């Protein structure tokens, strides 16, 4: 079973800003997010795991982890999380800020927005849709 990582996207205020930032980095080569420590649950992470990005207090997007690289600098060994270039928006899910990264179990991960859109298209009884911001607010209040 796969496991995911939660990472706070420091200095980023929207998924579009993260996407633009990463598209500039893609010019230089594959996406690599550097962390100080190597995940201890490496096998589970590489078995379909993703990085879930926390933006402005909400999980807002994810990217598949393609591999882990050993990197070195003047401070010693680091871990490079090699990420898929596809940034997938998720349902907004409130999450308190933290330092470093945390594990997220697959069952607790928010759904991809594209899956929610597909579900709503197939639901003929739908009377209307909530915006992601409204849905996040209702979730934070425990109403959905």
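The values are calculated or read from the model by the stated rules, or taken from the named source; none is laboratory data. Values in this document were obtained by computation on a predicted structure and should not be read as measured data. Cβ coordinates were reconstructed from backbone atoms using ideal geometry, including for glycine residues, and neighbour counts include every protein chain displayed.
Out of curiosity, is residue 69 exposed (fewer than 15 other Cβ atoms within 10 Å of the Cβ) and at pLDDT 95 or above? When the stated conditions are applied, residue 69 passes them. Does residue 69 satisfy the criteria of being more than 20 Å from residue 29 (Cβ to Cβ) and out of contact with any helix residue (DSSP H, G or I) (no Cβ under 9 Å at 6 or more places or on another chain)? Answer is no for this residue.
This table checks each residue for (1) within 17 Å of residue 80 (Cβ to Cβ); (2) in contact with a helix residue (DSSP H, G or I) (Cβ under 9 Å, 6 or more places away or on another chain); (3) part of a loop (DSSP other than H, G, I, E, B).
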site: 7; (1), (2), (3): yes, no, no
site: 10; (1), (2), (3): no, no, yes
site: 24; (1), (2), (3): no, no, no
site: 32; (1), (2), (3): yes, yes, no
site: 39; (1), (2), (3): yes, yes, yes
site: 47; (1), (2), (3): no, no, yes
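Would it be correct to say that residue 39 is crowded, with 16+ Cβ neighbours inside 10 Å, at negative phi and either out of contact with any strand residue (DSSP E or B) (no Cβ under 7 Å at 6 or more places or on another chain) or touching a residue at least 40 places away in the same chain (Cβ under 8 Å) (or both)? Yes: the conditions hold for residue 39. Filtered by the rule that a residue be assigned to a loop (DSSP other than H, G, I, E, B) and at pLDDT 95 or above, region 49-63 gives a lone residue, 49.
When region 64-86 is filtered for residues that are closer than 12 Å to residue 33 by Cβ and not in a strand (DSSP E or B), only 84 remains. Return only the number of the condition from (1) more than 25 Å from residue 77 (Cβ to Cβ); (2) at pLDDT 95 or above that residue 4 does not satisfy. The failed condition is (1). Here is the figure for region 78-107: residues that are more than 14 Å from the chain's Cα centre (by Cα) and either modelled with pLDDT of 95 or more or surrounded by 14 or more Cβ atoms within 10 Å (Cβ to Cβ) (or both) total 3. What residue, among those in region 12-22 that are within 13 Å of the chain's Cα centre (by Cα) and either assigned to a helix (DSSP H, G or I) or free of Cβ contacts under 8 Å to residues at least 40 places away in the same chain (or both), is nearest to residue 91 (Cα to Cα)? Step by step, filter region 12-22, then rank; the result is 15.
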